[in-house]
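Notes to accompany the following structure.
The values are calculated or read from the model by the stated rules, or taken from the named source; none is laboratory data. Model, not experiment: these values are computed from the prediction. As a convention, Cβ positions derive from the backbone with ideal geometry for all residues, glycine included, and neighbour counts pool all protein chains shown.
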Amino acid sequence: MEFIPITLESRQVLQPYLQSEDYEISDIVFGNLYLWKHAREITYAIESDCVVVQTRYEGEKPYFFYPFGSGGKESALRALDKYLRDKNLPPRFESIESKNIDSIKSVFSQVEFEPRVARFDYVYSVQELIKLEGRKFHKKKNHLNQFLQNNEGKWSYENISSSNADEILSRGKEWLEANPNKNQALEIEFVGITNTLKEYENLGLKGGAVRLESEIIAFSFGEVMSQKMAVVHIEKANPLIAGAYQIINRELLANEFSTLELINREEDLGIEGLRRAKKSYNPIKMVEKYGTK
């Protein structure tokens with residue numbers, strides 16, 4: 001097996017393999033691979049008409065996703081087994097759906113899996129998040145209504161494009177620098193956002209920004225995963241403006257993904273504030289992920 005680094009050009013290679021699958025895990029969509037390729041070594045190999053993605057953090061052994069594509073998964077796994085033996089590397093897997101565990105164990109019989117609860121993806125109804133109806137969305141609807149009432153006729157939604165990408169990045173940098181909880185993880189994320197927006201129109205992403213009078217106050221982007229699901233990769237807003245997060249959440253879905261049934265808003269990473277925020281939008285299900293012990 002020969003592993004190749006993820007680049008912008010990799011999208012044309014990988015998309016046909018991704019489109020042949022009906023998957024729910026956000027980790028393997030191309031936008032995510034590209035967004036985070038600067039933070040860790042992400043490479044891929046094509047084997048038996050499948051793609052095997054390898055990820056390696058500095059100073060650590062690599063791990064692998066389950067092969068995707070319409071080809072022979074078992075053959076791809078057996079080729080991976082030989083690759084690992086030749087390299088004297090342990091079999092490590094992450095972001096594995098439960099339905100694929102037995103397939104992996106048929107080749108790697110020694111591995112055991114455990115749930116990665118902090119990595120479970122939150123999945124919501126698109127229409128529920130657009131409408132925010134009922135008691136369970138009462139607080140969210142109040143925040144949204146507050147924004148709409150305070151800013152009637154003053155705000156607009158616009159698509160992300162090369163014409164506003166630099167302005168979006170400038171606002172995002174301001175919010176990051178003003179964030180009292182700024183840390184290395186957020187700085188690494190912003191590098192990924194910068195790299196992604198600079199190539200935005202070549203990545204097949206869908207996104208937008210909310211402008212209040214003359215200033216961008218929120219932006220978000222994601223991509224279609226399957227015939228019924230999209231994923232939101234990034235959502236940022238000015239924390240000083242009440243309802244800014246609620247308006248970009250609604251407008252992104254209403255303008256970009258309204259014909260789809262489900263929206264995947266990714267994981268909480270075990271961060272308590274992020275977990276509370278994601279639960280507050282009332283997910284209809286969680287996409288479980290497993291990794292090797």
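Taking the numbered list (1) under 20 Å from Glu256 (Cβ atoms); (2) buried (at least 17 other Cβ atoms within 10 Å of the Cβ) in turn, Ser162 passes all entries but (2). For segment 173-185, the tally of residues that are part of a loop (DSSP other than H, G, I, E, B) and over 21 Å from Ala242 (Cα atoms) stands at 1.
Give segment 239-293 a look and list any residue that's among the polar types (S, T, N, Q) and in contact (Cβ under 8 Å) with a residue 12 or more places away in the chain, or say none.
Step one: of segment 239-293, the residues among the polar types (S, T, N, Q) are 246, 249, 255, 258-259, 264, 280, 282, 292.
Passing the criteria: Gln246, Asn249, Asn255, Ser258, Asn264, Ser280, Asn282, Thr292.
Residues in segment 2-22 that are out of contact with any strand residue (DSSP E or B) (no Cβ under 7 Å at 6 or more places or on another chain) and under 25 Å from Val287 (Cα atoms): Arg11, Gln15, Pro16, Gln19, Ser20, Asp22. Out of curiosity, is Thr259 part of a loop (DSSP other than H, G, I, E, B), modelled with pLDDT of 95 or more, β-branched (Val, Ile, Thr) and surrounded by fewer than 18 Cβ atoms within 10 Å (Cβ to Cβ)? The answer is yes for Thr259. Whether any residue in segment 191-206 is touching a residue at least 40 places away in the same chain (Cβ under 8 Å), of a type in the set (A, V, I, L, M, F, W, C), touching a His at 6+ places or on another chain (Cβ under 6 Å) and over 20 Å from Asp121 (Cβ atoms) is what I want to check. Yes, there is a match, as at least one residue in segment 191-206 is touching a residue at least 40 places away in the same chain (Cβ under 8 Å), of a type in the set (A, V, I, L, M, F, W, C), touching a His at 6+ places or on another chain (Cβ under 6 Å) and over 20 Å from Asp121 (Cβ atoms).
Quick grid of which residues meet (1) within 26 Å of Ile234 (Cα to Cα); (2) free of Cβ contacts under 8 Å to residues at least 40 places away in the same chain:
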| position | (1), (2) |
| --- | --- |
| Ser10 | yes, yes |
| Trp36 | yes, no |
| Phe68 | yes, no |
| Asn88 | no, yes |
| Phe93 | yes, no |
| Lys99 | no, yes |
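So which of Tyr57, Tyr44 ends up being outside the structural domain of Lys228 (by TED's automatic domain parsing) and in contact with an Asp or Glu (Cβ under 9 Å, 6 or more places away or on another chain)? Exactly one residue qualifies, and that residue is Tyr57. Taking the criterion of being closer than 23 Å to Ala118 by Cβ, in contact with a strand residue (DSSP E or B) (Cβ under 9 Å, 6 or more places away or on another chain), outside any helix (DSSP H, G or I) and of a type outside the set (Phe, Trp, Tyr), the residues of segment 26-53 that qualify are Val29, Lys37, Arg40, Glu41, Ile42, Val53.
With respect to (1) within 17 Å of the chain's Cα centre (by Cα); (2) crowded, with 17+ Cβ neighbours inside 10 Å; (3) modelled with pLDDT of 95 or more, the lone exception for Ser226 is condition (3). Applying the criterion of being within 15 Å of Val51 (Cα to Cα) and basic (Lys, Arg) to the residues of segment 71-108, the residue that is surrounded by the fewest Cβ atoms within 10 Å (Cβ to Cβ) is Arg78.
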